[in-house]
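Notes to accompany the following structure.
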Amino acid sequence: MSPQSIGVVMNGVTGRMGYRQHLVRSVLAINEQGGVTLSDGGRVLLRPVLVGRSAEKLERLAGAHGIADWTTDLDTALADDANLIYFDAQVTQARVKAVLAAIEAGKHIYAEKPTAETYGDALALAEAATARGVKNGVVQDKLFLPGLLKLKRLIDGGFFGRILSVRGEFGYWVFEGDWQDAQRPSWNYRTEDGGGIVLDMFPHWAYVLENLFGRVTSVYAQAVTHIPERVDERGETYRATADDAAYGVFELEGGIIAQINSSWSVRVNRDELVEFQVDGTHGSAVAGLRDCRVQHRAATPKPVWNPDLPATARFRDGWQEVPDNAEFDNGFKIQWELFVRHVVEDAPFPYDFASGARGVRLAELGLLSSAEGRRLPVEH
């Protein structure tokens with residue numbers, strides 16, 4: 001059976017995430033393996049159509065990867081009936097207008113998060129996609145990290161008993177840009193350009209918590225700007241108007257309490273850049289990007305607080321590694337394959353624009369909570 005080919009309009013792939021994770025490690029990697037495998041054994045190849053503002057960058061990128069189609073005119077790409085999917089990895093401020101145009105053109109939509117800067121706009125996208133009858137999805141890559149897949153396996157297997165709490169630590173030191181170049185673009189630190197760690201990370205935490213533990217029912221957050229001045233790509237000092245750290249407490253359905261710290265102003269003293277500790281009545285686990293360690297209640301030590309004596313136990317030695325038990329593919333690529341199957345053969349895909357809107361709502365409420373200094377309910 002010869003594979004079918006569908007056009008995928010990819011807007012924003014000249015950026016770091018759009019290029020590395022979505023174009024190279026997802027779409028091109030899918031084609032290198034022979035396409036997306038369907039339930040009947042057929043295969044679907046993806047024909048990328050690159051869209052962006054810079055013709056020079058697009059031409060260079062297309063040439064480097066042997067891609068035939070690129071354009072700076074989004075309307076032209078959307079007008080081609082052979083292009084079934086529109087993908088958006090632009091900066092958040094440009095996303096709503098482009099996605100609405102793609103919906104109007106009848107394309108199925110796959111987009112990076114957050115889907116919009118405000119909950120109102122994110123909800124409008126979800127409603128517009130539903131009204132037009134196009135399939136839609138939002139990137140929720142962290143669900144497919146090996147560490148979180150192992151954590152999900154533990155949950156499904158009943159390892160924890162009753163889950164009590166979740167504690168998350170995410171972040172690293174992003175250099176200010178003066179004596180060392182910053183690892184993130186300067187727009188991330190300007191509210192007027194759509195920056196801020198709450199808008200960036202709270203949508204992640206929304207879908208991680210929802211899919212693993214339960215929907216968020218309340219949020220209390222403290223968002224701060226620890227580094228007030230930074231240096232941009234041109235070497236010019238600018239005022240950082242966006243939050244670069246956020247400390248959140250989330251209550252979940254069933255009474256689970258989650259505490260998650262997110263910071264671009266923290267030095268890493270943990271095994272991975274993100275870690276979640278889950279404590280339950282029968283056991284605990286610590287999951288990162290790739291690894292997951294557990295301690296069952298039968299193997300839990302019995303520490304005694306005595307500050308007058310040095311600790312003799314190495315507490316980390318009492319934890320056991322969770323085996324892989326599977327081959328883990330790139331999380332972005334896995335979700336691309338799921339979405340293509342959703343478009344072509346109506347396979348399930350729960351990560352839709354409505355779930356993306358819930359993530360934007362959590363970010364919006366987190367910022368409001370910080371501004372008002374109070375816990376806010378999250379209505380369903």
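The values are calculated or read from the model by the stated rules, or taken from the named source; none is laboratory data. Not measured: the values here are computed from a predicted model. Backbone-built Cβ (ideal geometry, glycine too); neighbour counts: all protein chains shown. For accessibility, only protein heavy atoms count, side chains too; no ligands or nucleic acids. Shrake-Rupley method; radii C 1.70, N 1.55, O 1.52, S 1.80 Å.
Here are a few things to note about the model shown:
- Taking helices (runs of 4 or more DSSP H) as the structural unit, those lying wholly within the range 71-189 and holding at least 3 residues that are free of Cβ contacts under 8 Å to residues at least 12 places away in the same chain correspond to 119-132.
- Residue, nearest to Val360 (Cα to Cα), within the range 122-134, restricted to residues that are surrounded by fewer than 20 Cβ atoms within 10 Å (Cβ to Cβ) and in contact with a helix residue (DSSP H, G or I) (Cβ under 9 Å, 6 or more places away or on another chain): Leu123
- Selection from the range 245-290 of residues that are more than 21 Å from the chain's Cα centre (by Cα) and charged (D, E, K, R): Glu253, Arg267, Asp279
Yes or no, residue by residue, for (1) touching a Phe, Trp or Tyr at 6+ places or on another chain (Cβ under 9 Å); (2) among the aromatic types (Phe, Trp, Tyr); (3) in a helix (DSSP H, G or I); (4) closer than 30 Å to Thr191 by Cβ:
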| residue | (1), (2), (3), (4) |
| --- | --- |
| Pro301 | yes, no, no, no |
| Asn306 | no, no, no, no |
| Glu327 | no, no, no, no |
| Ser355 | yes, no, yes, yes |
| Arg361 | yes, no, yes, yes |
| Gly366 | yes, no, yes, yes |
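- Here the condition is being out of contact with any Pro (no Cβ under 8 Å at 6 or more places or on another chain), of a type in the set (Val, Ile, Thr) and farther than 27 Å from Tyr172 by Cβ; of Val340, Val322, Val278, Val274, it holds for Val340 alone.
- Close pairs (8 angstrom Cβ cut-off, 6 or more residues apart or separate chains): more than 22 Å from Ile163 (Cβ to Cβ) in the range 254-274, of a type in the set (S, T, N, Q) and buried (at least 21 other Cβ atoms within 10 Å of the Cβ) anywhere: Trp264/Asn188
- Yes/no for Glu327 being surrounded by 10 or more Cβ atoms within 10 Å (Cβ to Cβ), out of contact with any Gly (no Cβ under 8 Å at 6 or more places or on another chain) and within 29 Å of Arg20 (Cα to Cα): no
- From the list Arg314, Arg375, the lone residue that is open to solvent by 60 Å² or more (accessible area, probe 1.4 Å) and within 30 Å of Gly194 (Cβ to Cβ) is Arg375.
- Subset of the range 170-216 [in contact with a Phe, Trp or Tyr (Cβ under 8 Å, 6 or more places away or on another chain) and open to solvent by 30 Å² or more (accessible area, probe 1.4 Å)]: Tyr172, Trp173, Asp181, Ala182, Gln183, Arg184, Arg190, Asp193
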